[in-house]
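A short worksheet on the structure shown next.
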Amino acid sequence: MRPGRVWRCGRFSLPLDRPLVMGVLNVTPDSFSDGGLFADPLAALAHAGRMAEDGADVIDVGGESTRPGAAEVPPAEETARVRPVIGRLAEDLEVPLSVDTRHAECAEACVAAGASVINDVGGFRDAAMVRVAAGCDAGLVVMHMLGEPGTMQDAPVYRDVVAEVCEWLERQAEGLAAAGVERDRICVDPGIGFGKLLEHNLALLRGLPRLASLGYPVAVGVSRKRMIGELTGVDEPGARLAGSLAAAALAVASGADIVRVHDVADSVQALRVAASLGVPR
């Protein structure tokens, strides 16, 4: 990690002198790995508390599944799932909260309820999302996705996936800066598994140094994803912990600043050991 760098997220300034762990909290009935487990608000609050105790630096709350083939959830329904959970967590936890949404209505409501990060899998393509971003002080995760969740895996094609994803993310980040968003609030994410085949995902993970060279913090989400199953033959997402930890540690070694994970305690432990052994940054 380069000393002195921070990711500014609302009232939080997160130092990037070590990798940050973003814990996943899906309050959805149909997410690919844990759909339905935390749809009940009490279950969601309890799980968030455990992640905070386990060392999560950020807790990312999502109310719409964006797995391949997923149908869009109306923004009002998504907001009804997410906003009460974020509001309660903002009262109970001293941990930055992120809203995982591609809808401006949901993002704005959740920032008002206490979210300090907007994690947009659509990469702030929507002008309304840009207006929300410019009108608040939340940190932003700008993710690359080819198409929409319902169709993104329908034969995605790239000439040079690393170059194209880096160029697109740089354009989106520069567009946000031009709209008035401070650059130290912007983080970029190559969108592993979002409109990419296995070879694209592997190329992007190997190409993380190029993405990091843009100068923005880099977030990577590989936890339990299909690519882990494709590489290992493990079909059940919940059984892909070992592969997920290996991918997270290697992503950090290649330039990732933030890893988005389902298994917080195991990820914190793995990254701590990797750092102690001098895994290069």
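Below, the figures for the structure above:
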read-out	value
Full-extension gain in nm, Arg183 to Arg131, via 0.36 nm per residue minus C-alpha separation	17.2 nm
Listed residues Leu245, Leu205, Leu231, most fluctuating in the chain (Gaussian network, C-alpha, under 10 Å)	Leu231
Reported label for calculated semi-axes √(5λ) of the Cα gyration tensor in Å given (1) 32, 24, 16; (2) 24, 21, 21; (3) 28, 25, 18	(2)
Heavy atoms of Val218: accessible area, 1.4 Å probe, square angstrom to 10	0
Selected from Ala253, Val268, Ala219, residue furthest toward positive end of dipole (the chain; charges at beta carbon)	Ala253
Simple Cβ-charge dipole of the chain, Lys/Arg +1 and Asp/Glu -1, about Cα centre, in debye nearest 20	780
Largest to smallest principal axis extent of the C-alpha atoms in region 100-180, angstrom	40, 27, 18
Of all accessible heavy-atom area on the chain, the percent that carbon and sulfur account for (1.4 Å)	53
Rounded to the nearest 10 Å², the accessible area of Glu199 at probe 1.4 Å	110
Per residue accessible area in Å² of region 195-259, where ligands, DNA and RNA are left out and the probe is 1.4 Å	39
Ellipticity estimate at 222 nm from DSSP helix runs (n ≥ 4, -39,500 (n - 2.57)) divided over the chain, nearest 500	-12500 deg cm²/dmol
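The values are calculated or read from the model by the stated rules, or taken from the named source; none is laboratory data. As the structure is a prediction and not an experimental result, all values here were calculated from the model. Ideal geometry is used to build each Cβ from the backbone, glycine not excepted, and the neighbour counts take in all protein chains shown. For the accessible areas, the whole protein counts, side chains as well, though only heavy atoms, and no ligand, DNA or RNA atoms are used. Shrake-Rupley method; radii C 1.70, N 1.55, O 1.52, S 1.80 Å.
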